[in-house]
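J.: Once you've had a glance at the structure underneath, I'll fire off some questions.
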Amino acid sequence: MGCLLLPLAAQAGQLSEAEFKAQAKQKAMQLGKTLKQNLQKAVKEGGLPNGVEVCKDIAPAIAAELSTDGWLVGRTALKVRNPQNRADSWEKSSLMAMVKGLEEGLEPGALVQVHVDDTAGEYRFMAPIMTDGLCLNCHGAALAPAVKEAIKQRYPEDQATGFAAGDLRGAFTVRYQQDD
Ligand code: HEC
């Protein structure tokens, strides 16, 4: 009944900037939460090398699950582990703006980047991903040999080590392309 009557804007695939931002944030948080839960479970059950294996499979799968109806959700960074997560030019400049913001003392919550191009129907959003203690096991400066080996086998081009707690590790990146 009433719930079937979608607002006109939603039918046309159009979003206001505020609506886009709220939905993008929701998707980014969902990706982050689901990933972290799965990662913690995998590490608990099978140790860190198992975490690497699980992360390799589930990170792209969870992102794909959230990428429907014109939405594209993922993670990126200036230094990536998976080359498929490499930043494009807007993402790169957004990540650099985040690094600069942190240097200037801004809180992570204030580092969100939004780009809306109404004419092209393109909406983009990025939110920072900070490095904490758990992350150091696989992204820190000193990895356990078994973890190092597990990463090397699956990601021969890995660039994503050497991080310290509190560093910007990367960002959630969300794109919405309006259908015409
Ligand atoms: C058990 C090892 C492990 C732990 C712990 C871990 N990661 Fe990762 N991380 C990976 C792997 C493996 C990938 C590559 C996933 C893929 O193929 O998409 C990755 C990829 C990423 C990416 C995507 C960009 C890239 O480099 O490809 C980000 C961002 C990231 N991790 C952040 C974190 C953060 C933040 C934490 C701590 C909360 C964390 N990771 C903990 C193994 C780990």
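The values are calculated or read from the model by the stated rules, or taken from the named source; none is laboratory data. All of these numbers come straight from a predicted model, not from anything done at the bench. Every residue, glycine as well, gets a Cβ built from its backbone with ideal geometry; the counts of neighbours run over all protein chains shown.
J.: List the pairs whose first member sits in the range 75-90 and is under 16 Å from Gly162 (Cα atoms) and more than 8 Å from the ligand (Cβ to nearest atom), whose second member is of a type outside the set (Phe, Trp, Tyr) and modelled with pLDDT of 95 or more, and whose Cβ atoms are under 6 Å apart, counting only residues at least 6 apart or on separate chains?
T.: Leu78/Leu95
J.: So which residues in the range 109-123 are without any contact (Cβ under 8 Å) to a residue 60 or more places away in the chain and either small (Gly, Ala, Ser) or surrounded by 12 or more Cβ atoms within 10 Å (Cβ to Cβ) (or both)?
T.: Gly109, Ala110, Leu111, Gln113, His115, Ala120, Glu122
J.: If I ask for residues that are surrounded by 15 or more Cβ atoms within 10 Å (Cβ to Cβ) and not small (Gly, Ala, Ser), which ones from the range 73-85 would you list? If you could, list the steps in order and put the result at the bottom.
T.: Filtering the range 73-85 for residues surrounded by 15 or more Cβ atoms within 10 Å (Cβ to Cβ) gives 73-82, 85.
Scanning the range 73-85 gives Val73, Arg75, Thr76, Leu78, Lys79, Val80, Arg81, Asn82, Asn85.
J.: Check off (1) within 8 Å of the ligand (Cβ to nearest atom); (2) exposed (fewer than 13 other Cβ atoms within 10 Å of the Cβ) for Ile151 and give me the number that stays unchecked.
T.: (2)
J.: Let me ask something else about it. Do you know which residues across the range 154-175 are more than 11 Å from the ligand (Cβ to nearest atom), among the hydrophobic types (A, V, I, L, M, F, W, C) and without any contact (Cβ under 8 Å) to a residue 40 or more places away in the chain?
T.: Scanning the range 154-175 gives a single hit, Ala164.
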